[in-house]
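Below: the structure, in C-alpha cells.
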Amino acid sequence: MSLLEVKNVSMFFGGLAALNDISFMVNKGEILGLIGPNGAGKTTLFNVINGFYRPSKGSVFFNGECISGLKPNRICRLGLARTFQVVKPLQRMSVFENVLVSAYLRAKNKTGAEKTASEILEFSGLYDEKDVLSKSLPLGKRKRLEIARALATSPEMLLLDESFAGLNPTELNESIEIIKRIKAHGTTIMIIEHHMKVIMSISDRIAVLNYGEKIAEGTPQEISHNPLVVAAYLGDAPNA
C-alpha cells in the first residue's frame, strides 16, 4: 500500500524545468533511494514533497491526502519529516535541547517531550553527547543529530537528504545500521544519496532522476544494470 504518491509533478523556475512530469509511489515500510547526477532535481523534489515549493504542475499525496500547497509545518504534523543536505542545528543549544524542540510537536507537556528526546538520543547513539553544544559536534554526529531531530517528531515517513555525505567508513557503517533500525521500527524512508554502497545496501527500490526527469525505477539489481542509468550516472562501475 502506497504512503506517498507523486503524480505528474513539474517544477518550473522561470523558463527552467527543474522537474518534468515526475511520478512514483513510496510504499509503507519500504526504503526508496533517489539517485542522479548533481543538478538532477533531487533536492527540489524533496522541497516539493515537504511543502517548501508548491509544484507548478501535478500533485503530491500523503496517506491519500493531497498535500500540495500545504506549509512544511503542517506536512510535518501529518507525519512527514525531513533532514537537510546542509545541516543547521540550533548551534547555541545543546544536543538534548535540539531534539527537545522537535519533540514538542507531539508531546503534551514538558515531561513527555523530555522522555521522547532522551529515547531518540539513546536510539541514535547520541545520549552521551546530550549536554554538548551542537556546534561543537563533528560532522558525523551533526548529521546524526539532524536525523534525531526529525525522528523526534514521530514521523510516519522520513526524507533523508544526503545524510551520509562526508562520513568516514566507521561513521558510514554506524549510520547505515541506524537507518535499518528506523525502518525496523516501521518508519517509511526516502533517501537521496550519492554513496552507492549505502543506496544499494539499504534500498528496497531506487528511482533515478536526470535533468529533472525520472529515467528509471526498480530494485537495486535492476538499476545497477540499467543502460540509461549507467550512461547517465553510474558509469563503468555500477556496483561501486
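The values are calculated or read from the model by the stated rules, or taken from the named source; none is laboratory data. Computed from a prediction, not measured in an experiment: that's the story for all the values here. Heads up, the Cβs are rebuilt from the backbone with ideal geometry, glycines too, and the neighbour counts pull from every protein chain shown.
Odds and ends about this structure:
- Qualifying residue in the range 45-52 (condition: out of contact with any His (no Cβ under 7 Å at 6 or more places or on another chain), small (Gly, Ala, Ser) and without any contact (Cβ under 8 Å) to a residue 60 or more places away in the chain): yes
Residue by residue, here is whether (1) more than 16 Å from the chain's Cα centre (by Cα); (2) under 25 Å from VAL6 (Cβ atoms); (3) surrounded by 15 or more Cβ atoms within 10 Å (Cβ to Cβ); (4) not β-branched (Val, Ile, Thr) holds:
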| residue | (1), (2), (3), (4) |
| --- | --- |
| ILE120 | yes, no, yes, no |
| LEU139 | yes, no, no, yes |
| LEU167 | yes, no, yes, yes |
| LYS180 | no, yes, no, yes |
| ASP204 | no, yes, yes, yes |
| ASN210 | yes, yes, yes, yes |
| GLY218 | yes, yes, yes, yes |
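- Scan of the range 20-56 for residues that are of a type outside the set (D, E, K, R), farther than 25 Å from THR187 by Cβ and assigned to a strand (DSSP E or B), ordered by number: ASN20
- Annotation: of all residues in the range 18-39 being closer than 11 Å to TYR211 by Cβ and at pLDDT 95 or above, the one that is farthest from the chain's Cα centre (by Cα) is ASN20.
- Residue, farthest from GLY212 (Cα to Cα), within the range 47-81, restricted to residues that are out of contact with any helix residue (DSSP H, G or I) (no Cβ under 6 Å at 6 or more places or on another chain) and of a type in the set (Val, Ile, Thr): ILE75
- Applying the set (1) of a type in the set (A, V, I, L, M, F, W, C); (2) free of Cβ contacts under 8 Å to residues at least 12 places away in the same chain; (3) touching an Asp or Glu at 6+ places or on another chain (Cβ under 6 Å) to VAL86 leaves exactly one unmet item: (3).
- Of all the residues in the range 166-203, those that are more than 20 Å from GLU122 (Cα to Cα) and of a type in the set (Gly, Ala, Ser) number 3.
- Among residues of the range 148-170 that are closer than 23 Å to ARG77 by Cα, those with a beta-carbon under 6 Å from a residue that is assigned to a helix (DSSP H, G or I) and among the basic types (Lys, Arg) at least six positions away or on a different chain give the pairs SER163/LYS143.
- Hey, SER102 modelled with pLDDT of 95 or more and surrounded by 14 or more Cβ atoms within 10 Å (Cβ to Cβ) or not: yes
- Here is the figure for the range 85-134: residues that are over 21 Å from GLU171 (Cβ atoms), aliphatic (A, V, I, L, M) and part of a loop (DSSP other than H, G, I, E, B) total 4.
- Complete set of residues in the range 118-167 that are among the hydrophobic types (A, V, I, L, M, F, W, C) and in contact with a Gly (Cβ under 7 Å, 6 or more places away or on another chain): LEU139, MET157, LEU167
- Applying the criterion of being among the hydrophobic types (A, V, I, L, M, F, W, C) and not in a helix (DSSP H, G or I) to the residues of the range 194-240, the residue that is modelled with the lowest pLDDT is ALA240.
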